[in-house]
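The values are calculated or read from the model by the stated rules, or taken from the named source; none is laboratory data. Remember, predicted model here, so these are calculated numbers, not experimental data. No Cβ is skipped: glycine too gets one built from the backbone with ideal geometry, and neighbour counts run over all protein chains shown. Remember, those area values only see protein heavy atoms, side chains included, never the ligands or the DNA or RNA. Shrake-Rupley method; radii C 1.70, N 1.55, O 1.52, S 1.80 Å.
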Amino acid sequence: MTQTISINNSQKLLIEPLSMPSRLLLGPGPSNAHPAVLQAINTPPVGHLDPAFFAVMDEIQSLLRYVWQTENSLTIAMSGTGTSAMEATIANVTEPGDVVLVGVIGYFGNRLVDMAGRYGADVRTITKSWGQVFSLDELRTALETHRPAILALVHAETSTGARQPLEGVGELCREFGCLLLVDTVTSLGGVPIFLDEWGVDLAYSCSQKGLSCPPGASPFTMSSRAWEKLQKRRTKVANFYLDMTLLSKYWGSDRIYHHTAPINMYYALREALRLLAEEGIENSWQRHQQNVEYLWQQLEDLGLTLHVEKEYRLPTLTTVRIPDGIDGKAIARQLLLEYGIEIGGGLGDLAGKVWRIGLMGFNSRKENVDRLVAALRQVLP
Ligand code: PLP
């Protein structure tokens, strides 16, 4: 064969096999994956229509129902990070003109606002200053005023470290005839969640925080009420990849191809969920609470101030005020480069004002708190 086009080698790199520094990931996520999960991801892939793989999918569905405490039959893992499952909740139940009320307590509430707008919703918002949460009375007043088709709340606002209580909200939503959509990205696995008890209709999460997995396979669930709204749509779901009418045929008994599943990510997720079931979800919640209380005490002993009122603090993510006169970014950089520990900085309204410290999943351990606090003692003036 005569070659008429010459090869452009300008981007060709002859490089060493991948080698990355070892890090203790104590930021807002990702957190370190459990070693057994990393081992599972190395399992050679089978095909996405292999009965052996369907068995893995079924196990994932069941274990996700367990960790979320729901019986929702449509409970699956989306191929993608938390944002894909987040967008799936909005895309499937939002029709142009639907009133979607978003409770904004931080950065990720604003992301829901953006997404709902993109799907043609008439988006309304209620807001709180960053670090605070809504009371049931405030939510009732907002539902009376806006009469939405969907109320969207963030259970664990990663940008602020605040936990939005959900008890009673589902009943309110039923009283006002709307669906309740909840972001559980930073709560699943580490913070008590009772989706069915709380009357949550749509929820999503991620793999890289409380589930001790790498990012890339994201839990999604919808109730029969939400499924009914999807069935009654006048318009097609405006997103092929996230369409539950199609995805349910792959995850359900039809087993119809929709897209190639990220096989190895599902191996990882299955192992992560298996480990959580072995520990017991209630024990995991308790472990997160115990270790974070130890962290809070240690940080306060260092003279630092925590941003969120104790009652509403997340066990998975703590926001710490950066003391006056300290360069927060420089401290975080020093922790990373000299001690191999990643913590996060502030986002949005809290940019430059807080550090964000995550103790999630496999990383929620006393020894990690001790390692961080010892490093902080060295780097803080
Ligand atoms: N929602 C919340 C509360 C989050 O913390 C995040 C990410 O940290 C997301 C949504 C988006 O998830 P991802 O970054 O995995 O796409």
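Here are a few things to note about the model shown:
- Fraction of alpha-carbon pairs over 23 Å apart in the stretch 171-266 - percent: 36
- Taking label positions 7 Å along the Cα-Cβ direction at both Ala277 and Asn239, the computed distance is 2.9 nm, reported to one decimal.
- When Rg and the Kirkwood radius Rh are both evaluated on Cα atoms of the stretch 201-323, their ratio Rg/Rh stands at 1.10.
- Summarising the strand pairing of the chain, around 50 percent of its internal DSSP beta bridges are antiparallel.
- Sparse packing (at most 11 other Cβ atoms within 10 Å of the Cβ) combined with a DSSP loop state is found for none of the chymotrypsin sites (Phe, Trp or Tyr not before Pro) in the stretch 38-69.
- Kirkwood radius, the stretch 41-120, all distinct C-alpha pairs, inverse of mean reciprocal distance: 15.2 Å.
- Counting lysine pairs in the chain whose alpha carbons fall under 24 angstrom apart, excluding pairs fewer than 8 residues apart on the same chain, gives 12.
- With every protein chain in place, the stretch 9-58: carbon and sulfur % of accessible area (1.4 Å): 62
- Computed over the stretch 62-157: relative contact order in percent, which uses C-alpha pairs under 8 Å that are six or more apart: 31
- Segment Lys232-Ser73, extension gain: residue separation times 0.36 nm, minus the distance between their alpha carbons: 55.4 nm
- Cleavage-rule hits, trypsin sites (Lys or Arg not before Pro), the stretch 160-239, DSSP coil, Cβ neighbours within 10 Å at most 14: Lys232, Arg233, Arg234, Lys236
- Both radii are taken from the alpha-carbon atoms of the chain; with Rh as the Kirkwood radius, Rg/Rh is 1.00.
- Treating each Cα of the stretch 280-345 as one equal point scatterer and applying the Debye formula with no solvent, the log10 of I(q)/I(0) at q = 0.18 Å⁻¹ comes out as -0.79.
- Rounded to the nearest 500, the helix-only mean residue ellipticity at 222 nm of the chain stands at -12000 deg cm²/dmol, with each DSSP H run of n ≥ 4 adding -39,500 (n - 2.57).
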